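Below is one structure, written out as structure tokens; comments come after it.
Rule-based calculations on the coordinates, nothing more; no lab input. Everything quoted here is computed from the prediction, not taken from an experiment. Please note: Cβ atoms are built from the backbone with ideal geometry, for glycine as well, and neighbour counts cover all protein chains shown.
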Amino acid sequence: MKILVIEDNESVCEMIEMFFLKEGIEGRFVNDGLQGYEAYKDEDWDLLIVDWMLPGMDGVMLCRKIRQEGSDVPIIMLTAKDSESDQVLGLEMGADDYVTKPFSPLALMARIKAVARRYQKQKPDEHSEVGTSALKINKETREVKLDGKPVTNLTPKEFDLLLFFAQHPRQVFTREQLLERVWGYQFYGDERTVDVHIKRLRKKIGTFEQPFFHTVWGVGYKFDESSDGA
């Protein structure tokens, strides 16, 4: 985990750094709001810890600026302000959580882990979408889009077959292999069922110029966005 800490109190930074080393966390420490913003822009961070009161740019404005740019990086605010209105302000500006000074390092680590867990649950699976520049397939929602338009007439098995091919672009499969991998090892049906499903998929998502599914004579089929499958 990589965490950027924007805090101008050296003793607080030293305390946090000690626990980062213990937890195996990679940390970078900056003591100015404007410099902290530049550090945030320089690299990808798993989490930010931002002090409320900072020279250059205060933590609330820094948090607001980051959120206005569309970033969803988790942010924990450190603050000596313990009034409810101040805490609400920090959260409204985009902080995910706050820790009131003085605080226990163990309490801070617990907040870090909790926020990181919540973020990972909310974060979309980076590998949930496969396909090509024209065809997008979301394996989690089972949605298919062709040139940005939804394809809604696929049967469950057609979707499964399409997803399998999209996950293995340009790889040639025999009908027997497709029956085993898509229909399951216990499927003992006619191999022509593969031909039928390929034919239907060609009609539903392919065109003459861009069929997606290409016949490899004497072997089977492959999935390729190029028109000739070469």
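Some values worked out for this structure:
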item	result
Estimated FRET transfer efficiency (K145, R117; beta-carbon r; R0 35 Å; 0.05)	0.70
Other-chain or far-sequence residues with amide H under 5 Å of H168's (modelled H)	none
Under the Karplus curve 6.51 cos²θ - 1.76 cosθ + 1.60, θ = phi - 60°, whole-Hz ³J(HN,Hα) for segment 131-143, x wherever Gly or Pro sits	x, 10, 5, 9, 10, 10, 10, 9, 6, 7, 8, 6, 9
Option label - Cα extents along the principal axes in Å computed here, alternatives [x] 43, 43, 36; [y] 57, 33, 30; [z] 72, 33, 32	[z]
Filter on K113/K139; K65/K149; K145/K204 - keep pairs with C-alpha separation over 22 Å	K113/K139; K65/K149
Extension gain, F164 back to T207 (0.36 nm per residue minus Cα-Cα distance, nm)	13.5 nm
Distance between segment 4-58 and segment 142-184 - C-alpha centres, whole angstrom	46 Å
Under Karplus coefficients 6.51, -1.76 and 1.60, residue-wise ³J(HN,Hα) of segment 64-75 in Hz, glycine/proline x	4, 5, 5, 5, 5, 7, x, 6, 10, 4, x, 10
The chain: angle of helix 156-167 to the longest principal axis, Cα-based, in degrees nearest 10	70 degrees
Computed magnitude of the charge dipole of the chain (debye, nearest 20; Cβ of K, R +1, Cβ of D, E -1)	1400 debye
Set of lysines with alpha-carbon distance to K101 below 16 Å, sequence-local pairs under 8 removed	K81
